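Take a look at the structure below.
The values are calculated or read from the model by the stated rules, or taken from the named source; none is laboratory data. No experiment lies behind these values; they were computed from the predicted model shown. With ideal geometry, Cβ positions are generated from the backbone for all residues, glycine too; neighbour counts draw on all protein chains shown.
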Amino acid sequence: AGVPIKEPVAGIAMGLIKEGDEEIILSDILGDEDHLGDMDFKIAGGRGGITAVQMDIKIKGISKETMFRALKQAERGIEEILSIMTRTLAEPRKELSPYAPRIFTVTIKPEKIRDLIGPQGKNIKYIIDQTGVKIDIEDTGLVKVVSNDEESASQALELIKKVTREIEIGDVFLGKVKRIMDSGVIVELFPGLDGFVHISQLGEGYIRRITDVVKEGEQIKVKVVEIDSLGRIRLSRKAVLREERRSHV
């Protein structure tokens, strides 16, 4: 899979047949040997030592000597498997497999977690639906994005940063006209955050009808010109148009 690890790891299942005082330890058991035998002892590890064990037994117990014999026999089996593995692939691939899952992290302020989740989970659902990633949020503000596609993960991280950013006067957004009213339009800056553009701020000239300038669902560039004490955002399209015109002079 191309997942970087310290050393190769292999595993083997050991079995036991016990009749009276006679015992036979089996290596690399199959289903019938597991079903008919007295022990299923799984051992995993590398040349640096054992990393995991798991045992099921159907008899009252086994002696310490039997345990040591099984471990020693398993060690030889693991070494044989590792030698075959390293002959085939001596070290992990430098590049991750395109199918291997990747975990990306970003830290946000804990008080911004509710903004990321959004009303009834609207924001987090939008990000997941748009990018196809999995997202885990911790109380500390650590956000984990899991995806086997780096581009999708990067897109999700950008959306997370966008939703949780601190809005400041002077910020410019590409927003969507959400609703047209007599006095102006409501623009969705991103899911869960709207701003208001007064009719006088929709263009540089006199505007008789708003629908002559913008349509519902249209995307327009707007600039944050005011944030009141309640957090309501006033926007200006005129300011953006004026700056763009000046930059082309």
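For segment 155-203, enumerate the residues that are without any contact (Cβ under 8 Å) to a residue 24 or more places away in the chain and part of a strand (DSSP E or B).
Selection gives 186, 188.
What tally of residues in segment 156-182 results from selecting those that are within 20 Å of residue 114 (Cα to Cα) and of a type outside the set (A, V, I, L, M)?
Looking only at that region, the number is 7.
Under 34 Å from the mean Cα position of the chain (by Cα), in the same structural domain as residue 29 (by TED's automatic domain parsing) and either within 30 Å of residue 153 (Cα to Cα) or assigned to a helix (DSSP H, G or I) (or both): is that true of residue 116 in this structure?
Details: under 34 Å from the mean Cα position of the chain (by Cα): yes; in the same structural domain as residue 29 (by TED's automatic domain parsing): no; either within 30 Å of residue 153 (Cα to Cα) or assigned to a helix (DSSP H, G or I) (or both): yes.
Judged against the criteria, residue 116 is not a match.
Kindly evaluate residue 135 against the criterion of being outside any helix (DSSP H, G or I), out of contact with any Pro (no Cβ under 7 Å at 6 or more places or on another chain) and not assigned by TED's automatic domain parsing to the domain that holds residue 241.
Taking the combined requirement at face value, the residue satisfies it.
Taking the criterion of being of a type in the set (Phe, Trp, Tyr) and out of contact with any strand residue (DSSP E or B) (no Cβ under 7 Å at 6 or more places or on another chain), would at least one residue in segment 92-112 satisfy it? Steps first, answer last, please.
Narrowing segment 92-112 to residues of a type in the set (Phe, Trp, Tyr): 99, 104.
Now restrict to residues that are out of contact with any strand residue (DSSP E or B) (no Cβ under 7 Å at 6 or more places or on another chain): 99.
So far as segment 92-112 goes, yes, one or more of its residues are of a type in the set (Phe, Trp, Tyr) and out of contact with any strand residue (DSSP E or B) (no Cβ under 7 Å at 6 or more places or on another chain).
For segment 52-104, what are the residues that are among the aromatic types (Phe, Trp, Tyr) and either farther than 30 Å from residue 155 by Cα or loosely packed, with under 10 Cβ neighbours inside 10 Å (or both)?
Selection gives 68, 99.
Given the options 240, 214, name the one that is in a helix (DSSP H, G or I) and either touching a residue at least 40 places away in the same chain (Cβ under 8 Å) or not acidic (Asp, Glu) (or both).
240
One line per residue, one yes/no per condition, for (1) surrounded by fewer than 17 Cβ atoms within 10 Å (Cβ to Cβ); (2) in contact with a Pro (Cβ under 9 Å, 6 or more places away or on another chain); (3) under 29 Å from residue 107 (Cβ atoms):
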| position | (1), (2), (3) |
| --- | --- |
| 167 | yes, no, yes |
| 172 | yes, no, yes |
| 177 | no, no, no |
| 183 | yes, no, no |
| 190 | no, no, yes |
| 193 | no, no, yes |
| 197 | no, no, no |
| 204 | yes, no, no |
